[in-house]
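Written out below as structure tokens is the structure these notes cover.
The values are calculated or read from the model by the stated rules, or taken from the named source; none is laboratory data. Note that the structure is predicted; figures quoted are calculated from it, not measured. When we count neighbours, we look across all protein chains shown, and the Cβ atoms used for this are built from the backbone with ideal geometry, even at glycine.
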Amino acid sequence: MNNPPIPRPSPEGCLAAAGPLIALRGITKAFPNVLANDKVDLDIYPGEVHALLGENGAGKSTLVKVLYGFYRADSGEVHFLGQRVQLRSPLDARGLGIGMVFQDFTLIPAMSVVENIALFLPRLSAVLDKRQIVKRIEEVSERYNLQVHPWAPVWQLSIGEKQKVEILKLLLADARLLILDEPTRVLAPHEVEALFQVFAKLRGDGYAIIFITHKLPEVLACADRITVMRRGRVAGALLRSEATESSLVALMFGATPPAEVSRRGGPPPLAAPPLLELRGVYTRGQGMATSLAGIDLLIRAGEIVGVAGVSGNGQRELGDVILGLERCARGRRFLMGEDATGWSVARVRARGVAFIPEEPLLMATVPLMKVQENMALGETKRYELGHGFAVDWGSVRRDMEQAFQMLGLEAPPFHVPVRALSGGNLQRLVLARELARNPKLIVALYPTRGLDVPSVMAVRRLLLEARNAGRGVLLISEDLEELFSLSDRLVVLYRGRLVGQFKPEETTINEVGHLMVGAGGPHGHEQGR
Amino acid sequence: MGMSRVAELAPRLLRRGRGLTAALARVVITAALALVAFGLVLLIIGRNPARAYVDIFRYALGSYYGFSEVLVRMIPLLFTAVAAALPFKLGLINIGGEGQLYLGAWLTSWAALTFPGLPQAVLLPLMMLMGFLGGGLWAAVAGALRAKGWVNETISTLLLNYVAPLIVNYYIFGPWRSAEAASYPQSAAFVPAARLPTFGNTRVHLGLVLALVVLALFWLFMARTRWGLEMRAIGGNPEAARRVGINLFRYILIVFFIAGGVAGLAGMAEVSAIYGRLPQNLSPAYGFIGFLVSWLAGGNALGIVIMSFLFAIITSGGLILQLTQRVPYAAVNILLALVLFIVLAQPVRTQKRGGG
Amino acid sequence: MSLALLVGVLSGSISYGVPLLYATLGEVLVERAGIINLGLEGVLLIGASVGFGVTFETGSPALGVLAAALAGALFNMVFGFLVVSRGASQPASGLIMMFLGMGLSTLIGNPYVGKQIAGLSKFQIPGAAGLPWASATLFNYDLLVYLAFPLAALVWWLLYHTRWGLSLRAVGESPTAAFAAGRRPALLKYQALFLGGLIAGIGGAHLSVGLTMTWNQGMTAGRGFIAIALVIFSKWHPLRAIVGAVLFGGAVTLQLQMQAHGTMISPFLLDMIPYLLTLAVLLLWGGARRFAAPAGLGKPFRGTE
């Protein structure tokens, strides 16, 4: 609106000549267990679209949240137009014209578009003049092709429209630097294209844009400059003209050292009985969830099937549909050769499916209950005495000790509330609980995430032992090194579809990495449908 | 002067609570603070608080009859507290104890009035069953609506509270209206076989034993059985409970049915033992007080006994105030509210689950 | 139905509906800020008793209503301390306020049991008398009746056309989003409680000072809870609250009139209607109900950390 004029360099060439709008220097931010940002430098120039690329957990979100004042960096400096500034809260950032669209939007569904935008306006009159605000919205939305119905309640909008509202909100609140955290994650392809056109228009007017992504085609389609992050550090910063798919993939995933634990003992016999089979399974997504589309998957006894993919591409849904928590909207699910499409969670588990969800504290355990109680929850029926009128805690503890022995670990104290356990111990407890049930099929989502190296090795060894003992394992992970060293077969999940199926020894990390980020790859074995 | 010091100190003492002595200390300090505050109210309206308290305690704890009356009042509170505590374990709220009590009383009365010829050994269990069914089915309506995810259980149980007494009124003003006292709407008197036996020459009745048995069962059930374990899992983390295969729908429905049934037993005990007929206004908000008792006790069985006893003393105290100090009975609600207020006003960061 | 009956029902539904309307409007404001106040019954009782007492002592109904409004607002501040500052459970805190209101109003009103006051004077809207179908009872009300309907419009205007109302609704929907937009959720919640208490207090006073001209212990007879049901019935909207309150007042009057005319439907069955209707409405809304109730209703807000 009435921004002061911003120096507007041409997209390339003279970038270095004009000073950066924002310069981050040596930003370091640690959370318990993780160093999310490790001495990160970042320059943002006016009139550029800057892509922040990296795997999940590479530290991209943390970095932009520091820039937005949402987190405070442990050390490092932020310079705005050459001057050092303190960003203590989002309010400070907004004062400098920095605006951010979060992954999960902050819109209020019950209120209309104009109300949502009005709430955010810096100088709002005491008596609302909605017509005048609508006029301003229409001016801006026309200019940047961000048309939305201003009087519509937000809950009626599509996700793409909600994003438009978020961007309008920032523009009307005089933001000059727009940060978008994975803006394309939930958009349909045509919406992505429209968004990039908006970016182009905004750039032309001197706005700076940072957007986070892990999809290469997007980066190459619309970014002026690209910063690649890996494990909390900047792995490389390059101009669009210098970047190629291969160079970016190499920066994102790095050179991988050979794995310590790996699959030995030959492939499973082909005639091994199928444990799980999904045939053309679709799910109906709710809200922002990815829905599965036409999943065909077969797991036989004695094999580990690895699912590669960036999380958020349907991993949780895949796990839930196997567990019976999510319905198959279409398609069928078979367990141990039986049609199990309509089975309840309890029935699926009773037939020998073990489940290790992605967030042990939120999805697998009851934080305020004791260790042994959580252990018993794995299969309460097995531990009941007198038809349920008592619980056989002795055998719970015995099983638990045995399971931990199998893991080569010491069992945690039985009477401590689970909340008090560390992340590693919690994950071990869930593993021990699920393995104690002597399952035929193990579905594990990110089982080594957040664990220290010895625990990681123990978990991997365990999965291999389960495989060698004739169990089937579905291993969903983001860690390509892990997937390559453990899997007998490897599939890639992208936007709710399986986009490739490999034997690990016949492919490369590079190829799978390409498929994970939607880059097509040199010779992706697309599965039908 | 001295009081402000106490007010300053008490919250800190209350927070530190661990173990039984600390819990008892909490109760005593809370009660003391409430008594001081209520004393001020009495002073303002020109009564002598010291005299009032002496009267109350001499009656409630120092006299055989008074103490027995405290126990009589405690019985429905025990039932209705369990009725609130059960769904609370699932993280759900049942403030419908009042309505469930009324419907329990209604079906109980139906059995008593319809089968007056049955022997006591058959009639009383039948009445208990009907009381349980009445309250249970009433609560199951709210339970089903919640289990299906259609209507929030707080709202539905609240609304049903106001329908239940109207059903009772319909019958005692209409088909069941007793001819003997035409100006007074109530049902005909039950036959002696339909009356719960009382102890000695007091009004304390078998309902006390029944209530304590229910409470003990509740405690055993929650602490010992597989179902209690699964219920606590649902209350503690519904997401995890679903993933280990616990059927939330079935639990919500059944738990609401049982909870309502227990509240229905309170109604059964009241009409069978205290009134011997279905009267109008049969409960002075026992359902609501029971909810607060359970809330204060955090769903803990021993806590429910202590808090029910405390609240029974307070409500009995209301009668004494009325008799000796000529203060209207309802004024005792202030004392009741003050006790709760002091507990709720604790600046505790981690409130018990299921509260809001 | 005779004209006399019709006029009687109409005028009765307004008389009965107005105190309910005040109570409902007060609760709408509070619930819009994300707080469910089950202690509304207590607020009404406080309003009724204080209103009557002050009117009796001063002889001025206006002063009585004013005092009742302030008392209602102060009473809600106590509730606010529990649920806003302490983040205590709203249902439990609400029930406490109900008991506190029952007790305090009994003490406040005790000296006035059996006393009579002149109360608010009734008058006809100038010009209404000339209308052909107007009768002596219709269009002959006290000032509070005439003010109730514009008040609903005022509350509507406040909620939907001012910055304050926008912020308040945002706080009720999502305190986090409101906080992110630079609002102070706790302050706004207190403001809503104050204003809501003010309005509900007037409603309580209207019962004793406008309608019965006497004080009886527990005279609100569950109207606080009916109002809570009406808030849901009117989907948290102040203008629809008019419809709900008048319809409910009409149901009560109709039932009284029918009894007077010897119709044999039990009043108790009729009394159930608003509750059952509210439940039915809640059920019927189905999917849309998510967006009818303020999304943050009943949840304490303890900051973003």
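Scanning the range C:253-274 for residues that are within 14 Å of chain B (Cβ to nearest Cβ), surrounded by fewer than 22 Cβ atoms within 10 Å (Cβ to Cβ) and part of a helix (DSSP H, G or I) gives C:Q255, C:Q259, C:P267, C:F268, C:L269, C:L270, C:D271, C:M272, C:I273. Scanning the range C:159-187 for residues that are over 30 Å from A:F70 (Cα atoms) and surrounded by fewer than 16 Cβ atoms within 10 Å (Cβ to Cβ) yields a single hit, C:H161. Checked against (1) more than 12 Å from every other protein chain (Cβ to nearest Cβ); (2) under 22 Å from C:V83 (Cβ atoms), C:L154 passes all but condition (2). Out of the residues in the range A:293-307 that are of a type in the set (A, V, I, L, M) and modelled with pLDDT of 90 or more, state the one that is farthest from the chain's Cα centre (by Cα). Among residues in the range A:293-307 that are of a type in the set (A, V, I, L, M) and modelled with pLDDT of 90 or more, the one farthest from the chain's Cα centre (by Cα) is A:A301.
Within 14 Å of chain B (Cβ to nearest Cβ) and of a type outside the set (D, E): is that true of C:S121 in this structure? No, not satisfied. Test B:A259 against the criterion of being more than 9 Å from chain A (Cβ to nearest Cβ) and closer than 29 Å to A:V396 by Cα, and give yes or no. Considered against the rule, which asks whether it is more than 9 Å from chain A (Cβ to nearest Cβ) and closer than 29 Å to A:V396 by Cα, B:A259 comes out as no. Consider the range B:1-46 and keep the residues that are modelled with pLDDT under 80 and in a loop (DSSP other than H, G, I, E, B). The one that is farthest from the other protein chains (Cβ to nearest Cβ) is B:M1. As a summary of the residue check, A:V456 satisfies the conditions (1) under 26 Å from the mean Cα position of the chain (by Cα); (2) assigned to a helix (DSSP H, G or I); (3) over 21 Å from A:I304 (Cα atoms); (4) of a type in the set (A, V, I, L, M, F, W, C) except for the one numbered (3). Checking the conditions here, which among A:L52, A:L81 is surrounded by fewer than 19 Cβ atoms within 10 Å (Cβ to Cβ) and within 20 Å of A:I179 (Cβ to Cβ)? Only one candidate qualifies: A:L81.
Residues in the range A:395-410 that are surrounded by fewer than 16 Cβ atoms within 10 Å (Cβ to Cβ) and within 14 Å of another protein chain (Cβ to nearest Cβ): 1 in all.
Across the range A:424-441, the qualifying residues are those that are of a type in the set (S, T, N, Q) and over 16 Å from A:R460 (Cβ atoms), and the one among them that is surrounded by the most Cβ atoms within 10 Å (Cβ to Cβ) is A:N425. Filtered by the rule that a residue be assigned to a helix (DSSP H, G or I) and either over 22 Å from A:V443 (Cβ atoms) or modelled with pLDDT under 85 (or both), the range A:357-379 gives A:P360, A:L361, A:L362, A:V371, A:Q372, A:E373. Which members of the range A:182-218 meet the condition of being of a type in the set (G, A, S) and buried (at least 19 other Cβ atoms within 10 Å of the Cβ)? The answer is A:A208, and nothing else. Taking (1) crowded, with 21+ Cβ neighbours inside 10 Å; (2) more than 9 Å from chain B (Cβ to nearest Cβ) in turn, C:M98 satisfies each apart from (2). For the range A:45-64, a tally of residues being among the β-branched types (V, I, T) and outside any strand (DSSP E or B) returns 2. Summed over the range C:194-229, the residues that are without any contact (Cβ under 8 Å) to a residue 40 or more places away in the chain and within 14 Å of another protein chain (Cβ to nearest Cβ) give a count of 1.
Among the conditions (1) modelled with pLDDT of 90 or more; (2) over 26 Å from the mean Cα position of the chain (by Cα); (3) buried (at least 21 other Cβ atoms within 10 Å of the Cβ), A:V281 misses just one, which is (2).
Against the condition within 21 Å of B:F88 (Cα to Cα) and either among the β-branched types (V, I, T) or at pLDDT below 90 (or both), how does B:I314 come out, does it pass?
no
In this structure, C:F75 does satisfy being buried (at least 22 other Cβ atoms within 10 Å of the Cβ), within 12 Å of chain B (Cβ to nearest Cβ) and in a helix (DSSP H, G or I). Part of a strand (DSSP E or B) and closer than 19 Å to C:G182 by Cβ - does that describe any residue in the range A:65-82? So far as the range A:65-82 goes, no, none of its residues is part of a strand (DSSP E or B) and closer than 19 Å to C:G182 by Cβ. When we screen A:V49, A:V140 for residues that are touching a Pro at 6+ places or on another chain (Cβ under 9 Å) and either among the basic types (K, R) or under 27 Å from A:G160 (Cβ atoms) (or both), the only hit is A:V49. Of all the residues in the range B:266-305, those that are within 14 Å of chain C (Cβ to nearest Cβ), over 15 Å from B:G99 (Cα atoms) and buried (at least 20 other Cβ atoms within 10 Å of the Cβ) number 7.
When the test is whether a residue is touching a Pro at 6+ places or on another chain (Cβ under 9 Å), modelled with pLDDT of 90 or more, away from every other protein chain (no Cβ under 11 Å) and crowded, with 17+ Cβ neighbours inside 10 Å, C:G244 does not pass it.
Annotation note: Cβ proximity below 9 Å between a residue of the range B:158-170 that is over 17 Å from B:A140 (Cα atoms) and more than 7 Å from chain C (Cβ to nearest Cβ) and a residue that is of a type in the set (G, A, S) and in a helix (DSSP H, G or I) (sequence gap 6+ or interchain) occurs for B:P165/B:G99; B:V168/B:A105; B:V168/B:S109.
Residue by residue, here is whether (1) assigned to a helix (DSSP H, G or I); (2) at pLDDT 90 or above holds:
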site: A:T184; (1), (2): no, no
site: A:F196; (1), (2): yes, yes
site: A:L202; (1), (2): yes, yes
site: A:I212; (1), (2): no, yes
site: A:V219; (1), (2): yes, no
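Working carefully through the options A:V134, A:V114, A:V127, find the one that is within 11 Å of chain C (Cβ to nearest Cβ), in contact with a Phe, Trp or Tyr (Cβ under 8 Å, 6 or more places away or on another chain) and at pLDDT 90 or above. Within the list A:V134, A:V114, A:V127, the selection yields A:V114. Applying the set (1) closer than 28 Å to B:A112 by Cβ; (2) in a helix (DSSP H, G or I) to B:I306 leaves exactly one unmet item: (1). A Cβ distance below 6 Å, combined with a sequence gap of six or more or placement on separate chains, defines the contacts here; from the range A:373-393, residues that are more than 7 Å from chain B (Cβ to nearest Cβ) reach residues that are of a type in the set (S, T, N, Q) and buried (at least 22 other Cβ atoms within 10 Å of the Cβ) in the pairs A:N374/A:T365. Can you find a residue in the range A:80-89 that is of a type in the set (V, I, T), farther than 19 Å from C:R163 by Cα and touching a strand residue (DSSP E or B) at 6+ places or on another chain (Cβ under 6 Å)? So far as the range A:80-89 goes, yes, one or more of its residues are of a type in the set (V, I, T), farther than 19 Å from C:R163 by Cα and touching a strand residue (DSSP E or B) at 6+ places or on another chain (Cβ under 6 Å). Restricting attention to the range B:47-90, the residues being among the basic types (K, R), away from chain C (no Cβ under 14 Å) and in contact (Cβ under 8 Å) with a residue 24 or more places away in the chain number 3. Of everything in the range A:310-343 that is touching a Leu at 6+ places or on another chain (Cβ under 9 Å) and over 24 Å from A:G496 (Cβ atoms), the residue that is nearest to the other protein chains (Cβ to nearest Cβ) is A:M336.
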